[in-house]
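Below is one structure, written out as structure tokens; the observations come after it.
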Amino acid sequence: METLLDATYRTEDEKALIQLFYLSDTHLEDKKLKEVRNFEPYFYAVPRGSAQEFLEEIKAAKFPQITRLEIVKRIELRREIEVIRIVVKHPSHVAEIRERVAELKKCEETREDDIRFVQRYIIDADLTPMNGADNKKLRIASFDIETINERDKIIPIIISYADNLGLRKAWNYKHERHDLKFVEKCPDEKAMINKFIETVKNQKIDLIVTYNGDNYDFPVLKDRCKELGIDFTLGAEGIEIKMERRGMDMGARVIGRPHIDIYPVCRRMFSLPRYTLEDVHLALFDEEKLDIEVEHMHKWWDAGENVDTILSYAIADADSCLAIALEVLPTEYELSQLIHQPIFEVSRMGTGNAIEWLLMKMAHDKNILVPQKPGDTEYATRRMESYEGAYVVEPEKGIHDNIFVFDFRSLYPSIIIAHNIDPSTINCDCCEKEWHISPTGIKFCKKKKGLIPELLEDILNSRVKAKLELKKLVAEGGDKTKIKMLDARQQALKILANSAYGYMGFSRARWYNNDCASSVAAWGREYIKNTIKSAQDEGFRVVYGDTDSLMMAIPEKLTDVQINQIKNDFLTKINKKLPPAMQLEFEGFYTRGVFVTKKRYALISPDKKLTVKGLEIRRRDWAEIAKRTQEQVLNTILWEKNPQKAAEIVKEVVNDLRAGKVPLKDLLIYTQITKPLGEYENTGPHVEAAKKAIKRGKMVKPGDVIQYVITKKGSSISDKAEMIGFVNENDYDAEYYINNQVLPAVMRILEALGYQEEELKGFGRQMTLGGF
DNA sequence: CCGATT
DNA sequence: AACGGCTAATCGG
């Protein structure tokens, strides 16, 4: 099995030469290179009227870039039509002449003219990148740089490196450390960077991984290489690292030896309040990673203080990055195979794009014409079209015991399959009066499957298969790498299945269709409402429900046998009324739960696990001190049913805050800057904090997450907000943190338990238990 | 105090 | 550069 790592093309004799980089299984050679010369760039043009006449018109225009014209049959909204396939000499010619062709009289529109050449080739040649890839076969190296600022320049002082062959290095050019084996002192910065480049090549690395290398490590190194006269070639010989624009961001492309930045991968794969390397490491391995105050690095490094700590921190970054990569990469290998695109692109792709590539591949295989991406006007129109979304039940506020949670497995994907929801199946003429009619009145064909339902069926079937294999392999105690790959596959398939609905409602989607998206949501509301109704008709008390789930509480004490009985009876009753593609499942049984508002609740399971949704604990725009206190109160209430003790906890926190004992890191609030600062009509604390920081020389741009503290000086809250780095310990406004952070978070829980606001106010001011 | 903004 | 629903804090008239 050959594993395609990367693909690119270069121009030779004015023609494209495609270069495919394959893994060398034995690693006797670095990579196997295959070259393809005979793939020609092309696009389509749809005739207005006769195809033959249109062909003549194009011919007559005598575009020098065109080498061949042919009339071919393609499918458009289930109908076969004749279109012109326009073959050009060089990939750049597509963009050059598509508009000129579109301007011709007999041209309706051009199609598939915005698909990049190499990606087009991979689809047409039916290649499967990363086929058979796993962590064992691939050589994976991570690196990270530590830097200091010197006269407006960012200078790397350490490059740390770790690979899955066991090599670990921290190169620098200042300090020798014979007792730290991984440390190596180079003569100067140039030698250090060269050492790194050499090592990657000598180790015959297949994948380079970084944490935010796209936006930091690579740009910095590239700059330094330019200044120091170093040939920054890490991959294929003679090809320098390219910074590719990807929307707003950059991607650092190492041709032939793909660079995967795992920061965007982690952002997509995990739901965390923050995504620093330390946060992700903690979330994944439940272990703290060595961290230091980067601000002191320069001083320490120059003075020769804490050098061991700095070097250990540097290597810990590389180690951690590699460890995280080994966890997340398998899903990327699988996604790369599933959507038939190189891992470089896939790892930086949103789910909407991933689904789109999959659809494009399927469309090509079925001779279906790919819809165009919307232009600016079309996009603006789509943005205006809105539709009603999911149904959320107002919860029965307060504490409930014995909670049964049910949910629909893949609700939206199964609705799409069950009702054949696809842009091409709307208002078909083959199903007169026999359509699937959505609650919003849209008619979908019952006879011929649409592309998206078919894709989803494939995805769900593959997932069932992967999960079965996985179960079998785990039971047999099979190979760990294989188990990981199967798990990664089912994970990747789940991601894809769940994004199809959002994709149809995504304004930039090729297969966008508002009627489809709104019908899916409408059917979703109908199914969950009907299920809730059935539960109530059975005499159950539905305490909450959201989109695809419902929770019912049974106050009486229940044995395990009874729990099982209730669950099975209910599932059987509901499921026999549902279409075959749809199924209600038992998500779990919970001992107790507290419900605050829609989307905000906490549950404890019989095995003592706490599940919290929507409450402050889960949000980064609340200070750690408020979140931690809320969690402690929740635990005390749910497990011990002891509000007195909860009050004691709060009292202690308030005292600590007033005594100035709480460290700044527990008081930080994180809020993202979403647009240029001048565009804010309403300048919240984060905006004001950012503005002040800019005046003192800090850089802030849209997308940055501002970390700020509310200090003592100033009148409004915004006045008092300062970015971390401009605040001293102890300089915080204790009353703000008490009244605007800790107490609201805690009171939300207590109020839900029925304590009146008046009682709580007294509780807030005096911190006594009088009210209870 | 309340709607708008985030 | 997936969707909409929803809560809550803060600003600012």
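Every number in this text was worked out from the coordinates using simple rules, so none of it is lab data. This structure is a prediction, so every number in the text was calculated from the model and none was measured. Glycine also receives a Cβ, built like all others from the backbone with ideal geometry; neighbour counts cover every protein chain displayed.
Using just the Cα positions, wrap region A:283-352 in a convex hull and report its mean projected area in square nanometres, one decimal place.
Mean shadow area of the hull around the Cα atoms is 6.6 nm².
From the residues A:273, A:611, A:193, which one has its Cα farthest along the dipole of chain A in the positive direction, the dipole being from +1 and -1 charges on Cβ of Lys/Arg and Asp/Glu about the Cα centre?
A:611
Along the charge dipole of chain A, which of A:358, A:649, A:386 sits closest to the positive end, that is, farthest toward it, with unit charges on the beta carbon of Lys, Arg, Asp and Glu (+1, +1, -1, -1)?
Comparing the listed Cα positions along the dipole, A:386 ranks first.
log10 I(q)/I(0), Debye, Cα-only region A:38-87, no solvent, q = 0.14, 0.25, 0.30 Å⁻¹?
For region A:38-87 at q = 0.14, 0.25, 0.30 Å⁻¹, log10 I(q)/I(0) is -0.35, -0.96, -1.20.
Wrap a convex hull around the Cα atoms of region A:598-714, take a quarter of its surface area, and give that in square nanometres. Display every interim value, and only then the final one.
Values: hull surface 39.8 nm².
It is 9.9 nm².
Spit out the partnerless Cys residues in chain A, using Cβ distances under 4.7 Å as the pairing rule.
When partners are defined as cysteine Cβ atoms under 4.7 Å apart, chain A leaves A:107, A:186, A:225, A:266, A:321, A:430, A:431, A:516 without one.
For the pair residue A:610 and residue A:537, how long in nm is the line joining their label points, each one 7 Å along Cα→Cβ?
Simple spin-label model gives 4.0 nm for this pair.
Separation of region A:517-536 and region A:267-294 by C-alpha centroid, Å?
Cα centroid of region A:517-536 versus Cα centroid of region A:267-294: 38 Å apart.
What number, rounded to the nearest 500 deg cm²/dmol, is the helix-based mean residue ellipticity at 222 nm of chain A, given -39500 (n - 2.57) per DSSP H run of at least four residues and division by all its residues?
Per the formula, -12500 deg cm²/dmol.
Which whole number in µm²/s is D for region A:12-63 by Stokes-Einstein, with the Kirkwood Rh taken over Cα pairs at 10 °C and 1.306 mPa s?
106
Relative contact order for region A:1-131: what is it in percent, counting Cα pairs under 8 Å that are at least 6 residues apart?
Here the relative contact order equals 28 percent.
Given Cα pairs under 8 Å that are at least 6 residues apart, what percent is the relative contact order of chain A? Display every interim value, and only then the final one.
Working: 1350 pairs, mean separation 72.8, N = 772.
Computed over chain A, the figure is 9 percent.
What order, most packed first, do the peptides A:640-648, A:595-603 have when packing is the mean number of other Cβ atoms within 10 Å of each residue?
A:595-603, A:640-648
State which helices in chain A qualify, where a helix is a whole DSSP H run, it must extend 18 Å or more along its own axis by its Cα atoms, and its mean Kyte-Doolittle hydropathy must be at least -1.0.
Qualifying helices: A:189-202, A:307-339, A:351-365, A:451-476, A:480-504, A:514-537, A:560-575, A:643-658.
Using R₀ = 35 Å, calculate the FRET efficiency as 1/(1 + (r/R₀)^6) where r is the Cβ-Cβ separation of residue A:385 and residue A:13; round to 0.05.
E(calc), rounded to 0.05, equals 0.10.
Taking all pairs of distinct Cα atoms, average 1/r, flip it, and tell me the Kirkwood hydrodynamic radius of chain A in Å to one decimal place.
30.1
If you place +1 on the Cβ of every Lys and Arg and -1 on the Cβ of every Asp and Glu, how big does the dipole about the Cα centre of region A:540-637 come out, in debye to the nearest 20?
200
Where the only charges are on Cβ atoms (+1 Lys, Arg; -1 Asp, Glu), what is the dipole of region A:629-753 about its Cα centre, to the nearest 20 debye? Please list the in-between numbers first.
Values: 17 positive and 17 negative charges, 74 e Å.
Roughly 360 debye for region A:629-753.
Report Rg(Cα)/(2.2 N^0.38 Å) for region A:100-213, keeping two decimals. Mind showing how you got there, number by number?
On the way: Rg = 22.6 Å, N = 114, 2.2 N^0.38 = 13.3 Å.
Scaled against compact globular proteins, the figure is 1.70.
Using the Cα centre of chain A as the reference point, and only Cβ charges (+1 on K/R, -1 on D/E), how large is the resulting charge dipole? Debye, rounded to the nearest 20.
1240
Just to check, using Stokes-Einstein with a Kirkwood Rh over alpha carbon pairs, what's the diffusion coefficient of region A:155-201 at 10 °C and 1.306 mPa s in µm²/s?
147
Could you work out the Kirkwood radius for region A:693-733, taking every pair of different alpha carbons, averaging 1/r and inverting it, reported in Å? The partial results should precede the final answer.
On the way: mean 1/r = 0.0917 Å⁻¹.
So the Kirkwood estimate lands at 10.9 Å.
Compute the distance from the alpha-carbon center of region A:216-259 to that of region A:163-214, in whole Å.
17
What ranking do A:416-424, A:721-729, A:9-17, A:709-717 get when scored by the average of other Cβ atoms within 10 Å per residue, highest first?
A:416-424, A:721-729, A:709-717, A:9-17
If each residue of separation counts as 0.36 nm, what is the full-extension length gain between residue A:659 and residue A:672 once their alpha-carbon separation is subtracted?
Full-extension gain reported as 1.7 nm.
Using only Cα atoms, locate the centre of region A:677-727 and the centre of region A:391-451, then give the distance between them in Å, rounded to an integer.
Centre-to-centre distance over Cα atoms comes out at 45 Å.
Quote the relative contact order of region A:295-383 in percent (integer), defining contacts as alpha-carbon pairs under 8 Å separated by 6+ residues.
14
How big is Rg to Rh over region A:663-746, alpha-carbon atoms, Rh as the Kirkwood inverse-mean-distance radius?
Radius of gyration over Kirkwood radius for region A:663-746 works out to 0.96.
In the calculated pair distance distribution of region A:338-460, what percentage of Cα-Cα distances lie above 18 Å?
Tail of the P(r) past 18 Å holds 69 percent of the pairs.
Can you give the Rg/Rh ratio of region A:444-558, where Rg is from the C-alpha atoms and Rh is the Kirkwood radius?
Rounded to two decimals, Rg over Rh is 1.09.
Any idea how far apart residue A:32 and residue A:77 come out in nm if each label point goes 7 Å out from Cα toward Cβ?
4.7
Could you give the C-alpha radius of gyration of region A:492-572 expressed as a fraction of 2.2 N^0.38 Å, taking N as the number of residues it contains?
1.49
How many nm is it between the label spots at residue A:302 and residue A:175, if each spot is 7 Å from the Cα in line with the beta carbon?
1.5
Measuring from a point 7 Å past the Cα of residue A:285 along Cα-to-C-beta, which residues in region A:317-334 have an amide N at less than 19 Å?
Hits in region A:317-334 for residue A:285 at 19 Å: A:317-331.
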